[in-house]
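The values are calculated or read from the model by the stated rules, or taken from the named source; none is laboratory data. All values derive from a computational prediction rather than experimental measurement. Neighbour counts are summed over all protein chains in view; Cβ atoms, including those assigned to glycine, are modelled from backbone coordinates with ideal geometry. We work out accessible area using only protein heavy atoms, side chains counted, and drop any ligands, DNA or RNA first. Shrake-Rupley method; radii C 1.70, N 1.55, O 1.52, S 1.80 Å.
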Amino acid sequence: MASTAIPRLTSPLPIRGATHKIHVTINDVPFDFMVEDRTLLVHFLRDALGMTGTHIGCDTTHCGACTVLLDDVPVKSCTVLAVQADGRKVRTVEGLESGGKLHPVQEGFTTEHGLHCGYCTPGMMMTSVALLAKNPNPTEEEIRRAISGNLCRCTGYVNIVKAIQHAAKASGGGK
Amino acid sequence: MTIHGGIGQSLQRKEDARFIRGKGNYVDDIQLAGMLYLDFTRSPYAHAKITAIRSEKALKVPGVLAVITGKDLDAAKLAWMPTLMSDTQMVLPIDTVKFQGQEVAGVVAENRYAAADGAAAVEIDYEPLPVVTDPVKALQPDSPLVRPEKPKKSNHIWHWEVGDKAGTDALLAKSDVVVHQDFYIPRINVSSIETCGCVASFDPMGRLTMYMTTQAPHAIRTVFALVSGLPEQSIRVISPDIGGGFGGKVPVYPGYVVAIVAALKTGHPVKWVETRTNNLMSSSFARDYHISADIGVTKDGKLTGLKVKTIADHGYADAAANPSKFPAGLFHIITGSYPFEKAFVEVDGVYTNKPPGGIAYRCSFRVTEAAYSIERLVDEVAHKIGMDPAELRLKNFIPPEAFPYHSALGWTYDSGNYGGALKLAMQMVDYPALRREQAEKRKKGEFMGIGISSFTEIVGAGPAHTFDILGLKMFESCEIRIHPTGKVMARFGTKNQGQGHETTYAQILATELGIPAENISIEEGDTDTAPYGLGTYASRSTPTAGAAAVVAARKIRDKAQKIAAHLLEVSPEDLEWKDYKFQVKGVPEKSKTMADVAFAAYTNPAPGVEAGLEAVDYYDPPNMTYPFGSYICVVDIDKGTGAIHIRRFVAVDDCGTVINPMIVEGQIHGGLTMGLAPAMYEQITYDEGGNIRGSSFLDYLVPTSVETPHWETGRTVTPSPHHPIGAKGVGESATVGAPAAIVNAIVDALSPLGVTNIDIPVYPWKVWQILHDKGQT
Ligand code: FES
Ligand code: FES
C-alpha cells in the first residue's frame with residue numbers, strides 16, 4: 001500500500017476543541033496547563049504528561065485501575081475531567097515514594113506478594129493509601145469493602161488484604 | 001548449604017520494583033514520536049450484508065487522517081487471515097458481518113478522541129440477515145448458514161473423537177448404575193484488566209517493530225511473516241509488560257493487522273488499544289461447551305466407563321488456540337483422577353453468529369470443561385448410590401503405585417498421589433466434624449453443603465511429536481550468558497504476564513549455576529534478542545522453559561568444569577560440583593566458584609576450550625506434566641434470598657517441586673478466584689437476534705474482593721519424574737479445580753430437596769427459585 005506523507009505531530013494530544021487553563025498540583029508540584037475541555041483526567045495524566053503509572057481497564061467506572069487521589073480522596077480518573085482538577089491536588093502512584101523511601105503501602109504490596117501482573121496495582125495502592133489515612137486499623141472486612149471498587153484478575157485478593165494489613169502495621173496501626 | 005534466592009525460597013519478586021512505582025511498561029504506555037491512534041466502527045448486527053460504507057463525514061472530523069475498510073485490505077489480500085486452527089477469519093469484512101461488535105472500518109486519527117469521533121461518523125448501510133446463536137439449532141438443516149462460502153454448506157465445522165465407543169457402551173450396559181447428566185459450560189471472557197493493544201511502527205528501511213500484547217511473540221512473528229510476505233528478519237515483535245493474559249492474548253486480532261496496515265499507509269506509528277466493551281464484544285471467548293455425559297458404577301462404588309458427547313460453539317470462525325492436532329484441546333483428560341476401564345469422547349465444532357475463539361481461561365486447553373464434568377459426575381454418582389463423595393473418590397483414585405499411568409483415552413500420567421492430597425484437605429477442614437454439623441443442620445431445615453473436587457491437570461505442552469501450533473513444534477528455550485564479572489543475563493522464549501518469571505527463572509539458575517539470584521537478570525518478549533519459543537499459556541512455562549533453563553545451565557557447568565580444572569591444575573574428572581562450587585574431590589578447600597570460572601572464561605580460558613561462557617537449550621519435554629489437587633468447599637445457603645456464602649475453601653495442590661512457595665500460593669489464590677467466577681458470576685449470553693448481553697463490566701461480573709472468600713491453601717509434593725527438577729505447572733490448576741468444588745457444595749446443600757445439578761453460574765436467584773418451588777422460602 002502506498003505511503004501517504006502526513007506531517008509529524010508535536011504532541012500526542014493536539015488541542016483542537018475549546019480549552020481551559022487549569023492550575024493543578026500534581027504530587028506536590030504546582031503546574032499551569034491548557035487542557036481541552038473534554039479531556040479526561042486519566043488521559044491528561046497519561047498521554048499529555050506521560051505519567052503512565054495510572055492505568056485504564058474499563059469504560060464503565062468499574063475496574064479502578066485509574067484510581068488517583070484528588071484532594072486526598074480516591075477517585076476514578078477515567079470519570080473525572082481534567083478541568084475538574086483545577087485548583088486541586090492530585091496524587092498518583094508516581095508520588096508515593098518519597099526521598100528514595102517506599103511508601104508503607106508499596107512495601108506491603110511487594111512483601112506480601114499483593115501483585116502479579118501489576119496492572120491493577122497503582123489504583124489498588126492509591127485506594128489503600130486513602131483507606132489507611134481514614135482508618136489506620138482496618139479489619140479484613142473493612143479492607144475488602146474499601147477495595148471492592150478495584151478489580152484484580154490475577155491475585156485473588158488474599159495477598160492484597162495482607163499487603164494492606166502489613167502497611168497498617170508498618171505505619172503503627174494494624175489489626 | 002543454600003544459595004541466596006535458590007529453588008524453594010519465597011524470594012521477593014524482582015519485577016515488583018517497577019510495578020509498585022508505576023514504572024511498568026505496558027503497551028498503552030508506549031509513546032512514539034508522531035504516533036497516530038486507531039479505532040473501529042463496529043457492526044450493530046450479528047449477521048448482515050454491508051451494502052455501503054461512506055467515509056466522507058469521518059474524514060471531515062478534525063484530526064482524522066484515514067479510514068480503512070475491508071475493500072482496502074482486499075486489494076492487498078489482507079481482508080482475511082488464517083486462524084490457529086486452519087480456519088479463516090476476517091480482518092475487516094468486504095461484504096458481510098458475522099457477529100455484533102465486529103470491526104467494520106478502521107479510523108486513524110491524531111489522538112484517541114478524534115479516532116473515536118471518526119469511528120462514530122463512518123456511515124454504513126446494512127441489510128440484516130437471519131441469525132443463529134444456538135449451536136444446537138445451528139446444526140439443524142433449516143438453520144441459516146454462518147459461513148455460506150464454505151464448500152460444506154453446513155454450520156458443522158469438525159467432528160473429533162477418541163476412545164473405544166463399542167467397549168464403553170458394553171461396559172455401561174453392564175454397570176449396576178449409570179448416571180446421565182447434561183452440563184452447559186457457558187461462554188466467558190478472560191477479562192485481564194489490561195485489554196489488548198499494539199503499536200505498529202516501520203523504520204525508514206521498512207522494518208516493522210510491533211509492540212503488542214502477546215503471550216507468544218515468536219510464533220506471532222512467524223505468522224505475520226507468512227501472512228504479510230515481509231521477510232521474517234524485518235519483523236521485530238516486542239511484548240512489553242502484559243497486564244494479565246490468561247489465554248486471551250494468544251490469538252491474532254484484527255486490530256493488530258489493521259494497525260500494521262495503517263502504519264504502512266500513513267508512514268506513522270499507529271497505536272490501537274481496545275476498550276473494555278470492545279474486548280468483551282470481540283476478543284476471544286472461552287468455553288461454550290454443551291456436554292452430555294454418562295458414567296457407570298457398580299453397586300459397591302467402583303467407577304466403570306465414561307461416555308461424553310459435546311457440542312462446541314466456536315462462533316463464526318474456529319479461532320481456538322489449541323495445539324493443531326487437538327481441535328477440542330486436551331478435553332480427553334476427562335477421565336480425571338480415576339482408572340476408567342473404558343471411555344469414549346466425541347466433540348463437534350459448530351459455527352454461530354458470535355465472536356470467534358475457544359481459548360483457555362487461565363486453564364490448559366479445555367481442561368476446565370473436562371475437570372468440571374468429571375468431578376460433578378463423581379459427586380452425582382456418590383449421591384445416587386448413597387456413598388460419601390470422599391469415600392467414593394478414595395475408593396476409586398488411581399493409586400500412587402500405578403504411575404506412570406496410561407489413561408483409557410491415551411494419556412500417560414507422570415506421577416500422582418491423589419489420596420494424599422484429599423486426605424490432607426479433609427484433615428484441614430475436619431471433614432467428619434463438618435458432616436456431623438451438616439446432619440444437625442439438616443434436622444433443623446438449614447442448608448449447608450460440602451463439595452469436593454479432586455482434579456487432575458495436564459500442562460506443559462508438549463512433546464514435539466504430538467504438539468505443534470501451525471506446524472511449529474512446542475519446544476521451549478533458554479539462553480544463558482555469564483559475563484566476565486560473574487553476572488548473568490538469561491533470555492527465554494516464553495513471556496511473563498504476571499506469573500513471576502523474572503524471579504522464578506532466576507531462582508532455578510541460582511541453584512543450577514551457584515550464582516545468587518540478585519546477580520541474574522531475566523529477559524523475555526523481544527524477538528530480536530530472545531531465543532525462539534512458543535510462549536506462555538496453558539501453564540507451560542515451568543514445565544518447558546524451566547526445564548530448558550536447567551539443561552542450559554548444566555551445559556554451562558560442563559564447560560565450566562574444564563575451566564575450573566585448568567585453574568586448579570587438576571583434570572576435570574578430579575572435580576565435583578558441590579555446595580555450588582567446583583571442588584577437588586576430597587579436598588574441599590581447593591575449589592573455584594562459578595564467578596571465578598566466568599572471569600577465567602574471558603581472561604584465561606583453558607587450552608583448547610573456546611572463550612566465553614554461554615549456552616542455549618531448546619527443550620522438548622518427553623511428556624506433559626500432570627499436576628493435581630483436592631479442594632473442599634463449605635457453603636451455607638440463606639433460605640430467604642438464595643444467597644450462597646462460601647464459609648471455607650481449602651485448596652491442597654500438588655505441582656511437584658516448588659520453586660517459589662510464595663509465588664505458587666499467589667498463583668493458586670488467583671486461579672481459585674477465576675474458578676469462582678464462572679461457578680457463580682460470569683457468563684456472556686446472546687439474545688435471539690445475536691445481541692450480546694454482557695458487553696461491559698456493568699453486565700459481566702468479575703468477582704471483587706467482596707465476592708471472593710479468604711482462600712486457604714495446603715500442599716503435597718509429588719515430583720514429576722521426567723522434569724529435570726521435578727516441577728510441574730501451577731498457574732491454572734485452581735481455575736480448573738475450583739468450579740466443581742463450589743457447585744458440588746451448593747448441590748450437596750440442596751440435595752435433601754432432590755437437587756442433582758444446577759447449571760453454572762449458580763446465581764442466588766436460581767437457588768431461590770429452587771427453594772421457593774420446594775416450599776422452603
Ligand atoms: S478505567 Fe476502569 S474505573 Fe477507570
Ligand atoms: S495483579 Fe494483575 S490485575 Fe491485579
Revision key, fill the gap. Ignoring ligands and nucleic acids, residue B:325 exposes an accessible area, probe 1.4 Å, in Å² to the nearest 10, of 100 Å²
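With every protein chain kept in place and ligands, DNA and RNA left out, what is the accessible area per residue of chain B? Probe 1.4 Å, answer in Å².
Working: 24910 Å² over 777 residues.
I get 32 Å² per residue for this part.
What is the antiparallel percent of DSSP beta bridges lying wholly in region B:160-242, to the nearest 5?
Values: 5 of 9 bridges.
Antiparallel bridges make up about 55 percent of those DSSP assigns within region B:160-242.
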Check your understanding: What is the spin-label model distance, in nm, from residue B:302 to residue B:233 if the labels are put 7 Å beyond Cα along the C-beta direction?
Key -> 6.5 nm
**Study point:** Per-residue SASA entry for residue B:777, accessible area with 1.4 Å probe, Å² rounded to 10
**Key:** 80 Å²
Check your understanding: residue B:193's amide H: which non-local residues (gap 5+, or another chain) put their own amide H closer than 5 Å, with H modeled 1.01 Å from N in plane and none for Pro or chain starts?
Key -> A:153
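Can you tell me how much longer the chain between residue B:687 and residue B:589 gets when fully stretched, taken as 0.36 nm per residue apart minus their C-alpha distance, in nm with one decimal?
Here the answer is 27.6 nm.
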Review point. What are the lysines whose alpha-carbon lies under 22 Å from the alpha-carbon of residue B:444, with same-chain residues fewer than 8 places away excluded?
Key: B:639, B:774
**Study point:** Cut-off 15 Å between beta-carbons: net charge of the residues surrounding residue B:73, Lys and Arg +1, Asp and Glu -1
**Key:** -1
Point to revise | Label-point gap, in nm, between residue A:135 and residue B:473 - each point 7 angstrom along Cα→Cβ | key: 5.8 nm
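Can you flag which of B:728/B:766; B:249/B:473; A:101/B:555 are past 31 Å Cα-Cα?
On the way: B:728/B:766 38 Å; B:249/B:473 20 Å; A:101/B:555 41 Å.
Distance filter (> 31 Å) returns B:728/B:766; A:101/B:555.
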Check your understanding: So which residues of region B:234-269 lose at least 40 Å² of accessible area, probe 1.4 Å, when you go from the chain by itself to every protein chain present?
Key -> B:264, B:265, B:268
Check your understanding: In nanometres, what is the gap between the two model label sites at residue B:647 and residue B:140, each 7 Å from Cα along Cα-to-Cβ?
Key -> 4.7 nm
Exercise for review: Under 17 Å Cα to Cα from residue B:71, which aspartates and glutamates show up? Leave out anything in the same chain fewer than 8 places away.
Suggested key: B:56, B:95, B:103, B:123, B:125
Point to revise | Within straight-line cross-link reach of residue B:423, aspartates and glutamates at Cα separation under 20 Å, skipping those fewer than 8 residues along the same chain | key: B:375, B:379, B:388, B:391, B:401, B:437, B:457, B:653, B:654, B:665, B:712, B:748
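Which value, in debye to the nearest 20, describes the size of the charge dipole of chain B about its Cα centre when Lys and Arg Cβ atoms bear +1, Asp and Glu Cβ atoms bear -1, and nothing else is charged? Can you show the working numbers first?
Numbers: 74 positive and 87 negative charges, 38 e Å.
Charge dipole of chain B: 180 debye, to the nearest 20.
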**Study point:** Residues with amide H under 5 Å from that of residue B:157, placed H, sequence gap 5 or more
**Key:** B:349, B:350, B:351
Review point. Nearest 20 debye, what's the magnitude of the dipole of the protein assembly as shown about its Cα centre given +1 on Lys and Arg Cβ and -1 on Asp and Glu Cβ?
Key: 400 debye
Review point. Measuring from centroid to centroid over Cα atoms, what is the spacing of region B:104-173 and region B:1-79 in Å?
Key: 24 Å
**Study point:** Phi to ³J(HN,Hα) by Karplus 6.51 cos²θ - 1.76 cosθ + 1.60 over region B:283-295, Hz, x for Gly, Pro
**Key:** 7, 4, 8, 10, 6, 6, 10, 9, 10, 10, 10, 10, 10
Revision key, fill the gap. Residue by residue through region B:372-381, the couplings from Karplus 6.51 cos²θ - 1.76 cosθ + 1.60 with θ = phi - 60°, in Hz, x for Gly and Pro, are 4, 4, 5, 6, 5, 4, 4, 5, 5, 4
Review point. Tell me, what is the percent relative contact order of region B:289-400, built from C-alpha pairs under 8 Å that lie six or more residues apart?
Key: 31 percent
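Keeping all protein chains in place and using 1.4 angstrom, which order do B:602, B:537 fall into by accessible surface area, from largest down?
On the way: B:602 90, B:537 20 Å².
Most to least solvent-accessible, the answer reads B:602, B:537.
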Check your understanding: For chain B, what relative contact order do you get, as a whole percent, if you take Cα pairs closer than 8 Å and at least 6 residues apart?
Key -> 16 percent
Study note, to complete from the structure: Quick tally, 1.4 Å probe accessible area for B:448, B:85, sorted with the most first, runs B:85, B:448
Study note, to complete from the structure: Expected vector for region B:309-318, Karplus 3J(HN,Hα) from phi with 6.51, -1.76, 1.60 and θ = phi - 60°, integer Hz, x for Gly and Pro, equals 10, 9, 10, 9, 8, 9, x, 7, 8, 7
Exercise for review: Return the FRET efficiency for the residue pair residue B:698, residue B:756: r is the Cβ-Cβ distance, R0 is 30 Å, and the value is rounded to the nearest 0.05.
Suggested key: 0.35
**Study point:** Added length on full extension, which subtracts the Cα-Cα distance from 0.36 nm per residue, residue B:161 to residue B:442
**Key:** 96.8 nm
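On a full-extension model of 0.36 nm per residue, what is the gain between residue B:763 and residue B:226, subtracting their alpha-carbon distance, rounded to one decimal in nm? Walk me through the numbers on the way to the answer.
Details: separation 537, 0.36 × 537 = 193.32 nm, distance 4.60 nm.
Contour length minus Cα-Cα distance gives 188.7 nm.
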Review point. Cα centroid distance between region B:593-641 and region B:503-555, in Å?
Key: 6 Å
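Tally Lys/Arg at +1 and Asp/Glu at -1 over every other residue whose Cβ is under 11 Å from the Cβ of residue B:620; what's the total? Can you show the working numbers first?
Numbers: positive: B:473; negative: B:476, B:617.
Result for the local shell: -1.
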Check your understanding: Taking a 1.4 Å probe, which of B:436, B:287 shows the most accessible area, and what order do the others take after it?
Key -> B:436, B:287
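Using Cα pairs under 8 angstrom and six or more residues apart, how large is the relative contact order of chain A, in percent?
Working: 314 pairs, mean separation 36.9, N = 175.
For chain A, the relative contact order is 21 percent.
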Check your understanding: Using only helices, what value at 222 nm comes out for chain A when you add -39,500 (n - 2.57) per DSSP H run of length 4 or more and divide by the total residues, to the nearest 500 deg cm²/dmol?
Key -> -7000 deg cm²/dmol
Practice item. With all protein chains present, calculate the accessible area of residue B:152 using a 1.4 Å probe and round the result to the nearest 10 Å². Key: 110 Å²
Review point. Counting only protein heavy atoms and using a 1.4 Å probe, what share of the accessible area of the protein assembly as shown belongs to carbon plus sulfur, as a whole percent?
Key: 54 percent
Review point. Which residues, if any, in region B:697-723 have at least 50 Å² less accessible area in the whole protein complex than in the isolated chain, probe 1.4 Å?
Key: B:697, B:705, B:706, B:710
Practice item. Compute for chains B and A the buried accessible surface, both sides summed, probe 1.4 Å, and express it in Å² to the nearest 100. Key: 5700 Å²
Review point. Under the classification rounded if a/c is under 1.5, otherwise prolate if a/b is larger than b/c and oblate if not, where does region A:88-127 fall, given a ≥ b ≥ c as square roots of the Cα gyration tensor eigenvalues?
Key: oblate
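Assuming a ≥ b ≥ c are the square roots of the Cα gyration tensor eigenvalues, decide whether the protein assembly as shown counts as rounded (a/c under 1.5), prolate (otherwise, with a/b larger than b/c) or oblate. Numbers along the way, then the final one.
On the way: a/c = 1.31, a/b = 1.06, b/c = 1.24.
It is rounded, given that a/c, with a ≥ b ≥ c, falls under 1.5.
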**Study point:** Share antiparallel - DSSP beta bridges, chain B, percent rounded to 5
**Key:** 80 percent
Check your understanding: Looking at the square roots a ≥ b ≥ c of the eigenvalues of the Cα gyration tensor of chain B, which shape do they give, rounded for a/c under 1.5, prolate if a/b is larger than b/c, or oblate?
Key -> oblate
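For residue B:464 and residue B:611, FRET efficiency with R0 = 45 Å and r from the beta-carbon atoms, rounded to 0.05?
Details: r = 33 Å, r/R0 = 0.72.
Computed FRET efficiency for residue B:611 and residue B:464 comes out at 0.85.
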Check your understanding: If R0 is 35 Å, what FRET efficiency do you get for residue A:18 and residue B:54 from their C-beta distance, rounded to 0.05?
Key -> 0.80
